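Visitor: Below is one structure. I have some questions about it.
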Amino acid sequence: MTDTLNSFLTFRLGDELFAANVGKVIEILELPKVTKVPRSPDFMRGVVNLRGNVLSVIDSRTKFGLPQAPDTINTCIIVMIINVDGQKVTLGVIVDAVQEVMEIEDSQMQDMPSIGSKYKAEFIDGMVKQDDQFIMILNIDTLFSSNEVSLLNDIASTVSEDASGKSK
């Protein structure tokens, strides 16, 4: 029996390590100025201009229920494509630091413990132990509900329309 290898981009939020499948990652950006959007969800930091397109930017700390921390020189945006209920959405996710790309075999993955986890199990596929630390493997497609994705799309298209056509 052969395991399939999967490539994952690991990133840090505080002391925790997370990993997302590289198939979902488009690029990694230095943290530009993020424009806040009034009345947007609390997990949305704002929007940035990505080569002429409006990119919604998510604060992963808020989304994961972690305490806020100041941005540092290592803070960056991972641009990802997610698929929720057939809708493909490109999002920027702010993380404290990107670590590395690593190969993880299916057999290395362990289930999340059912008690004591501070993260929602529905968006975590499992965990991998590397050295003395656990890495939580995220299922990016389940991180957002279809309502949240629709809301993010609406905000991005409204900002885009305001920027392109409506001069005051």
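Visitor: Pick from region 9-26 the residues that are out of contact with any Leu (no Cβ under 9 Å at 6 or more places or on another chain) and in a strand (DSSP E or B): which of them is farthest from Q130 (Cα to Cα)?
Guide: If we take residues in region 9-26 being out of contact with any Leu (no Cβ under 9 Å at 6 or more places or on another chain) and in a strand (DSSP E or B), then I26 is farthest from Q130 (Cα to Cα).
Visitor: Select from region 27-38 the residues that are assigned to a loop (DSSP other than H, G, I, E, B) and charged (D, E, K, R) and write down the one among them that is nearest to N153 (Cα to Cα).
Guide: Ranking the qualifying residues of region 27-38, first place goes to K36.
Visitor: Please determine whether any residue of region 14-29 is over 26 Å from S150 (Cβ atoms), out of contact with any Cys (no Cβ under 9 Å at 6 or more places or on another chain) and polar (S, T, N, Q).
Guide: no
Visitor: Let me ask something else about it. I'd like the residue in region 121-141 that is in a helix (DSSP H, G or I) and modelled with pLDDT of 85 or more and, out of all such residues, is farthest from D15 (Cα to Cα).
Guide: Filtering region 121-141 for residues that are in a helix (DSSP H, G or I) and modelled with pLDDT of 85 or more, the one farthest from D15 (Cα to Cα) comes out as D141.
Visitor: Here's another thing I want to ask about it. Do any residues in region 12-35 that are closer than 14 Å to I140 by Cβ and crowded, with 18+ Cβ neighbours inside 10 Å have Cβ atoms under 8 Å from those of residues that are of a type in the set (S, T, Y) and modelled with pLDDT of 95 or more, where the two are at least six apart or on different chains, and which pairs are they?
Guide: Pairs found: F18/T10; A19/T10.
Visitor: Identify, by number, the condition in (1) more than 28 Å from D162 (Cα to Cα); (2) among the aliphatic types (A, V, I, L, M); (3) in a strand (DSSP E or B) that L91 doesn't meet.
Guide: (1)
Visitor: Something else now. How many residues, within region 61-88, are within 26 Å of E161 (Cα to Cα), touching a strand residue (DSSP E or B) at 6+ places or on another chain (Cβ under 9 Å) and small (G, A, S)?
Guide: 0
Visitor: Give S146, S114, S107 a once-over and let me know the one that is within 25 Å of V37 (Cβ to Cβ), modelled with pLDDT under 85 and among the small types (G, A, S).
Guide: That would be S146, the only listed residue that is within 25 Å of V37 (Cβ to Cβ), modelled with pLDDT under 85 and among the small types (G, A, S).
Visitor: Restricting the search to region 61-89, which residues are small (G, A, S) and either surrounded by 20 or more Cβ atoms within 10 Å (Cβ to Cβ) or free of Cβ contacts under 8 Å to residues at least 12 places away in the same chain (or both)?
Guide: Of everything in region 61-89, just one residue is small (G, A, S) and either surrounded by 20 or more Cβ atoms within 10 Å (Cβ to Cβ) or free of Cβ contacts under 8 Å to residues at least 12 places away in the same chain (or both), namely G86.
Visitor: Something else: Regarding region 68-89, can at least one residue be identified that is under 15 Å from V159 (Cα atoms) and out of contact with any Lys or Arg (no Cβ under 7 Å at 6 or more places or on another chain)?
Guide: No, region 68-89 has no match at all.
Visitor: Six or more apart or on different chains, Cβ under 7 Å: which pairs go from a residue in region 92-107 that's at negative phi to one that's of a type in the set (K, R) and buried (at least 20 other Cβ atoms within 10 Å of the Cβ)? Could you list them?
Guide: What qualifies is I94/R45.
The values are calculated or read from the model by the stated rules, or taken from the named source; none is laboratory data. This structure is a prediction, so every number in the text was calculated from the model and none was measured. Ideal geometry is used to build each Cβ from the backbone, glycine not excepted, and the neighbour counts take in all protein chains shown.
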